[in-house]
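Below: one structure, written as structure tokens.
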Amino acid sequence: MTMIKRILVAAAAVGMSLSAGAVDISGAGATFPYPIYAKWADAYKKLTGVGLNYQSIGSGGGIKQIKAKTVTFGASDMPLKPEDLKEAGLVQFPVIIGGVVPVVNIKGVAPGQLQLDGATIAAIYLGDIAKWDDPAIKKLNPKLALPSTAIAPVYRSDGSGTNFLFSDYLSKGSAKFKSTIGANSSVQWPTGIGAKGNEGVANMTTQTDGAIGYVEYAYAKQNKMAYAQLTNKAGKAVEPSTESFQAAAANADWTHTEGYYLILTDQEGAKSWPITGASFILVYKEPSDAAAVGQALKFFAWAYKEGGAMAAELDYVPLPAPLIAQVKATWTSSILSGGHPIWSAK
């Protein structure tokens, strides 16, 4: 059993054990942060006795559940736009950062040897580049021996935040991709093989000669998959790593972004990984159950302060300190009960 599978099994066990007893906080949504939320929940339960039941059902499901008021908070890797937040009466804030990584199965190509960019990957997923020795790929890899193997693009068949980040990145690298496919949690891929979830994409990529897919970084790393370097906005070839994800987040202008609606793909900076994303939490500005939301904010405040090492162990990236301070200020000013802040730093 791989480390990531052990993490998911442990996460599932945490969810079951918490849901079996009294639960003070409930959440649902994005699959990407599930392992770290479960690890934080286990530690927090032992420390405080406060439980968390998080349903890993995908970003779209999390948005639906918070709007239906069936959970304390929703979670999404695709942030809601400011106008959508206002319409729904919601507040949004980021919690954790990670990255999406292109993975390949090319005979003789080891992890990190292949270099790609957004325009080239978009052309592959559009079906315009069909073989690995295509001149566009060879231009990026003049010293790498590439076979004349047919490329088999593998994509997420289910709606997900990973799909959104990947398609958003490709849209920024290719005008044709943007106009014909676009960026969303679920898109109509014109070619390739569909697979469900990160595990499905990884398995299909591993089993298919000449395949290319995209998975969350933790999964690619723990399963020792052959990943590609990417040329970022600064024109630099970068490796996926906690440092390059942090660089993308650090260069992002959160301060002047309404509702934290910020997409971290293709950020400025020589060290920035171009398919970086944050995972967001959604709560009501004036929640009907203020006590539960207060407990949720205490949980995330604890996670910001004490959960960084646990996040790093699972290959997530904690938020920069200035961003955490900004988020806490948002809690104080925007999440209220009877006109008073639900959360206090005291």
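The values are calculated or read from the model by the stated rules, or taken from the named source; none is laboratory data. For clarity, every value in this text was computed on a predicted model and none was experimentally measured. Here the Cβ is made from the backbone with ideal geometry for all residues, glycine too, and neighbour counts use every protein chain on show. For the accessible areas, the whole protein counts, side chains as well, though only heavy atoms, and no ligand, DNA or RNA atoms are used. Shrake-Rupley method; radii C 1.70, N 1.55, O 1.52, S 1.80 Å.
Of note:
- Note on ALA312 and THR48: with the Förster distance fixed at 22 Å, the Cβ-Cβ geometry gives a FRET efficiency of about 0.50.
- Distance from the stretch 97-113 to the stretch 277-346 (C-alpha centre basis), Å: 34
- Shape analysis of the stretch 264-320 based on the Cα gyration tensor places the equivalent ellipsoid semi-axes at 28, 16, 8 Å, largest first.
- Degrees, to the nearest 10: 34-48 long Cα axis against longest axis of the chain: 30
- The magnitude of the dipole of the stretch 254-308, with charges of +1 and -1 set on the Cβ of Lys/Arg and Asp/Glu and taken from the Cα centre, is near 180 debye.
- Of the residues ALA250, MET204, SER344, the one whose Cα sits farthest toward the positive end of the charge dipole of the chain, with +1 on the Cβ of Lys and Arg and -1 on the Cβ of Asp and Glu, is MET204.
- Compactness of the stretch 228-295 was expressed as the Cα radius of gyration divided by 2.2 N^0.38 Å, which yields 1.45.
- Computed with a 1.4 Å probe on the full set of protein chains, the accessible area for TYR37 sits at about 0 Å².
- Value of Rg/Rh across the stretch 191-238 [Cα atoms, Kirkwood radius]: 1.02
- For q = 0.10 Å⁻¹, Debye-computed log10 I/I(0) when each Cα of the chain counts as one equal scatterer: -0.58
- Only Cα pairs under 8 Å and 6+ residues apart enter the sum, and on that basis the relative contact order of the chain stands at 23 percent.
- Farthest toward positive dipole pole in the chain [+1 Lys/Arg, -1 Asp/Glu at C-beta], among ALA290, TYR219, ASN53: TYR219
- Relative contact order (percent, whole number), the stretch 108-188, Cα cutoff 8 Å, 6+ residue spacing: 30
- Less than 5 angstrom separates the built amide H of LYS285 from those of LEU90, VAL91, all sequence-distant by 5 or more or on a different chain.
- Stokes-Einstein translational diffusion, the stretch 190-346 - Kirkwood Rh over all Cα pairs, 1.306 mPa s, 10 °C, in µm²/s: 88
- Counted residue by residue at 0.36 nm each, then reduced by the alpha carbon distance between them, the extension gain from LYS64 to THR257 reaches 67.1 nm.
- For the chain, the longest principal axis of the alpha carbon atoms and the long axis of helix 321-334 meet at an angle near 50°.
- Phi-derived couplings, Karplus 6.51 cos²θ - 1.76 cosθ + 1.60 at θ = phi - 60°, listed residue by residue for the stretch 106-117: 10, 4, x, 9, 8, x, x, 7, 7, 10, 9, 9 Hz, with x used for Gly and Pro.
- For the chain, size of Cβ-based charge dipole, Lys and Arg +1, Asp and Glu -1, in debye: 300
- Proximity of backbone amide H atoms, modeled 1.01 Å from N, is registered between ALA152 and ALA211, ILE212 at under 5 Å, excluding neighbours fewer than 5 places apart on the same chain.
- Most simply put, the chain has about 65% antiparallel DSSP beta bridges, counting only bridges with both residues inside it.
- Coordinate range of the alpha-carbon atoms in the stretch 93-225 per principal axis, descending: 44, 35, 24 Å.
- Degrees separating the helix 161-173 axis from the principal Cα axis of the chain, which is the longest one: 50
- Electrostatic tally near ALA123: other residues with Cβ closer than 9 Å to its Cβ, Lys and Arg +1, Asp and Glu -1, net -1.
- Charge-dipole axis of the stretch 77-205 as Lys and Arg at +1 and Asp and Glu at -1 on Cβ define it, positive-most pick from TRP189, ILE129, SER148: SER148
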